[in-house]
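S.K.: First the structure, then my questions, so here it is.
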Amino acid sequence: MCPPPTPPGPAAGADVERRDARHKVTGTARYAAEHTPPGCLHAAPVPATVARGRVTAVHADEVLRLPGVHAVLSHENAPRLGEPDDPTLAVLQNDRVPHRGWYVALVVADTPENARAAADALRIEYAPEEHDAGPADGHPRLYTPEEANGGHPAVRERGDFDAAFATAAVHVDATYTLTALHNHPMEPHASTAWWTGGDLTVHDSNQGSTTVRNVLAELFAVPRERVTVAAAHVGGGFGSKGTPRPQVVLAVMAARHTGRPVKLALPRRHLPAVVGHRAPTVQRVRIGADAHGVIRALAHDVTTQTSTVKEFVEQAAVPARVMYTSPHSRTTHRVVALDVPTPSWMRAPGEASGMYALEAAMDELAAATGLDPVELRLRNEPDREPDSGRPFSSRNLAGCLREGARLFGWEDRDPRPGVRRSGDRLTGTGVASATYPYLVGPSTATAHAAPDGTHVVRLNATDIGTGARTVLAQIAADALRAPLDSVRVEIGSSALPDAPLAGGSSGTSSWGWAVHRACTTLAERLRTLTGPLPPEGLTVRADTAQEAGKESPYARHAFGAHFAEVEVDAVTGEVRVRRLLGVFAAGRILNPRTARSQLIGGMTMGIGMALTEGSTLDTRSGEFVERDLASYHVPVNADVPSLEAHWLDEEDPHLNPMGSKGIGEIGIVGTAAAVANAVHHAVGVRLRDLPLTPDRLL
Ligand code: MOS
């Protein structure tokens, strides 16, 4: 069982400025590509220009004569790696090209410019093979996998969906599509690596250096204790840095091959092919309800795609197992392996995609039953998690919907679509729910008390822009019952005690638990200490492997509700979000400043998903077309006029000592549906394919 949350100390919930704020805005915070050891060389990778086939020749000799070029690595001469668990890391190991953009060579030179020029000039010959880049929908090789991402069973059935749907009073049967979406962190993936004898040191941009350290040790057959991976500052990840990526393997290879430090910063235009993406989905949602809008039958069928390198199945049907009353339910995933880049995690994988479709379908059900969309959701609140039958540890969706409606001014809403017109402008409002699971993992941490009254907390947590350093200091200060400024937090290196990644919105809960325990134990020791603290101080180590890995008898999720107001230009088809307001219930909020930043960041990304972010896979070339920020449109300030994130105070005794859920991902969940539902309310036409770009509106 989980310990109940301790009463909050003065630091928990305080509006504390980020500890690294000044370093970041003054440029003294150094990122992976900003370390330049003496003698450092620069590497540029070469992506395949065919969608499938074999490399038959690498004309390395031609570029080795170019200025500053030190080495050309390919499958012909690259160091042999151990077998990786993640096959996307087996770079330059054989002549196979599994998709366009797969790395087939690496050029190492004295400057980034010379490396890039030589990489561009490198002639590679291929034996191309016929490729199949989709589309996935209706593909003859579609199959039902064992599991979807996150270990969820691909198929779940309860009751008799077909019979219940057939006899329901009201029906919704709609199919929604999402294109692939791409992770574009401000800081593209980068690594700087060097070997000192048998010791490997790497600065790598990632969401968890413990895993990167472990994987590199395996691949390069060195003991873990001889590998150090640091990620002191990371300019965003969104899941694309949750696992080691090819750049770190290539940089380490090149450093071994040349005997020099090597730096490798991926160009942004490479990211879509090599760091994962949100897989495109086709989602059919069927809901059968009684005349009062109470759901009897619900089916969510997801079709998606993966690569031939690795099976990754976007778990978009999973939130339908959590959200609403549904005595008869079927949720399924089907996938096809194509000659395309490998999809992976992107902020709220599964929930972001699936809740777009489910919450758009709920809006269609509201229209079909004549019920207000908030009221419809309230009528379908389950008293237990529908899929598992487990009680919720806490579920405040209803509270989020009610509070959001109040803050937004929902009660005056005219439900009729397409009637609010002023000149060429149509306006509308929409609502959608949000959910994200509470995840937590085992972590270790140490806490140290020095004789001068200061404290040091150490663990390999990663601050990917979230404010982790700051929040961990707050947790430590309260557990120590010490002033916040007496606590120093050291994170961001695998030389520190092992800790899990910044992913699955689990960082604060996982790391914080270990920090809380180490600091509580230390405070206890200090209280019972007889005599003065020894000159070397006192250090305690905590490990939460026992508790944090345990199954809970409770269904544990964060919930939220988004309310959007949009304006649609009937002449140009342009959609503008005028207001977006979210209310969340995510356990105890430990720092309102960094929490708000996480939530509105997610909501902004949701606006992108709804309106501007779209990706085209050219099935002839096997290549994603939009590979830069000029063509892949991430929302900018002008796209986001008013954004409000609120939260309910939620006391949940079944989580961890801080009482925290996660807030990194829930902000993006349901946002696109709220916007799309508002667009329907504005124009009166149901558009089911995102993004809602002007061409689709007209
Ligand atoms: Mo998140 S997609 O778990 O970084």
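The values are calculated or read from the model by the stated rules, or taken from the named source; none is laboratory data. Quick caveat: nothing in here was measured; it's all calculated off a predicted structure. As a convention, Cβ positions derive from the backbone with ideal geometry for all residues, glycine included, and neighbour counts pool all protein chains shown.
S.K.: Please go through region 487-520 and give me each residue that is polar (S, T, N, Q), assigned to a helix (DSSP H, G or I) and more than 15 Å from ALA14 (Cβ to Cβ), ordered by number.
M.R.: SER509, SER510, THR520 - these are the residues of region 487-520 that are polar (S, T, N, Q), assigned to a helix (DSSP H, G or I) and more than 15 Å from ALA14 (Cβ to Cβ).
S.K.: Separate question: So is ARG268 more than 23 Å from the chain's Cα centre (by Cα) and either modelled with pLDDT of 95 or more or hydroxyl-bearing (Ser, Thr, Tyr) (or both) or not?
M.R.: Here the answer is no, as ARG268 does not meet what is asked.
S.K.: Can you find a residue that is within 16 Å of the ligand (Cβ to nearest atom), in contact (Cβ under 8 Å) with a residue 24 or more places away in the chain, outside the structural domain of ARG402 (by TED's automatic domain parsing) and closer than 21 Å to ALA232 by Cβ anywhere in region 472-489?
M.R.: no
S.K.: Could we say that ALA468 is more than 16 Å from the ligand (Cβ to nearest atom) and outside the structural domain of GLY662 (by TED's automatic domain parsing) here?
M.R.: no
S.K.: Based on this model, can you work out whether ARG22 counts as in a strand (DSSP E or B) and either among the polar types (S, T, N, Q) or farther than 18 Å from VAL108 by Cα (or both)?
M.R.: So ARG22 does not fit the description; no.
S.K.: Name the residue, out of ASN214, ASN206, that is surrounded by 21 or more Cβ atoms within 10 Å (Cβ to Cβ) and in the same structural domain as PRO79 (by TED's automatic domain parsing). First the steps, then the outcome.
M.R.: Working: ASN214 fails: surrounded by 21 or more Cβ atoms within 10 Å (Cβ to Cβ).
Exactly one of ASN214, ASN206 is surrounded by 21 or more Cβ atoms within 10 Å (Cβ to Cβ) and in the same structural domain as PRO79 (by TED's automatic domain parsing), namely ASN206.
S.K.: Being surrounded by fewer than 24 Cβ atoms within 10 Å (Cβ to Cβ) and either within 16 Å of the ligand (Cβ to nearest atom) or not aliphatic (A, V, I, L, M) (or both) is the filter here, so list the residues in region 217-238 that pass it.
M.R.: Result: GLU218, PHE220, PRO223, ARG224, GLU225, ARG226, THR228, HIS233, GLY235, GLY236.
S.K.: Based on what the data block shows, is GLY492 at pLDDT 95 or above and outside the structural domain of ARG593 (by TED's automatic domain parsing)?
M.R.: In short, yes.
S.K.: Look at GLY503 and say whether it is surrounded by 20 or more Cβ atoms within 10 Å (Cβ to Cβ), in contact (Cβ under 8 Å) with a residue 40 or more places away in the chain and in contact with a strand residue (DSSP E or B) (Cβ under 8 Å, 6 or more places away or on another chain).
M.R.: Details: surrounded by 20 or more Cβ atoms within 10 Å (Cβ to Cβ): yes; in contact (Cβ under 8 Å) with a residue 40 or more places away in the chain: yes; in contact with a strand residue (DSSP E or B) (Cβ under 8 Å, 6 or more places away or on another chain): no.
No.
S.K.: Condition test on THR36, is it among the hydroxyl-bearing types (Ser, Thr, Tyr), part of a loop (DSSP other than H, G, I, E, B), more than 29 Å from the chain's Cα centre (by Cα) and more than 30 Å from VAL340 (Cα to Cα)?
M.R.: In short, yes.
S.K.: Another question about this same structure. The conditions are (1) out of contact with any Asp or Glu (no Cβ under 6 Å at 6 or more places or on another chain); (2) polar (S, T, N, Q); (3) under 30 Å from ALA361 (Cβ atoms), and THR470 fails exactly one of them. Which is it?
M.R.: Among (1) out of contact with any Asp or Glu (no Cβ under 6 Å at 6 or more places or on another chain); (2) polar (S, T, N, Q); (3) under 30 Å from ALA361 (Cβ atoms), the lone unmet condition for THR470 is (3).
S.K.: Specify which of the listed residues (LEU376, LEU397, LEU426) is closer than 22 Å to ALA357 by Cα, hydrophobic (A, V, I, L, M, F, W, C) and more than 25 Å from the chain's Cα centre (by Cα).
M.R.: Numbers: LEU397 fails: more than 25 Å from the chain's Cα centre (by Cα); LEU426 fails: closer than 22 Å to ALA357 by Cα.
Just a single option satisfies the conditions, and that option is LEU376.
S.K.: Hey, among SER443, SER422, SER433, which residue is under 29 Å from ILE491 (Cβ atoms) and either outside the structural domain of HIS516 (by TED's automatic domain parsing) or surrounded by 18 or more Cβ atoms within 10 Å (Cβ to Cβ) (or both)?
M.R.: SER443
S.K.: Just give me the residues in region 239-276 being polar (S, T, N, Q), surrounded by 24 or more Cβ atoms within 10 Å (Cβ to Cβ) and in a helix (DSSP H, G or I), in sequence order.
M.R.: GLN247
S.K.: With the checklist (1) acidic (Asp, Glu); (2) surrounded by fewer than 21 Cβ atoms within 10 Å (Cβ to Cβ); (3) within 16 Å of the ligand (Cβ to nearest atom) in hand, flag the one item GLU314 doesn't pass.
M.R.: Condition not satisfied by GLU314: (2).
S.K.: Is it the case, given these coordinates, that GLU536 is more than 23 Å from ALA468 (Cα to Cα), more than 23 Å from the chain's Cα centre (by Cα) and either outside the structural domain of VAL215 (by TED's automatic domain parsing) or surrounded by 15 or more Cβ atoms within 10 Å (Cβ to Cβ) (or both)?
M.R.: So GLU536 passes the test.
S.K.: Give me a count of the residues in region 605-624 that are surrounded by fewer than 22 Cβ atoms within 10 Å (Cβ to Cβ) and touching an Asp or Glu at 6+ places or on another chain (Cβ under 8 Å).
M.R.: Residues in region 605-624 being surrounded by fewer than 22 Cβ atoms within 10 Å (Cβ to Cβ) and touching an Asp or Glu at 6+ places or on another chain (Cβ under 8 Å): 3 in total.
S.K.: Among (1) touching a strand residue (DSSP E or B) at 6+ places or on another chain (Cβ under 6 Å); (2) of a type in the set (Ser, Thr, Tyr); (3) over 30 Å from THR528 (Cα atoms), which single condition is THR444 missing?
M.R.: (3)
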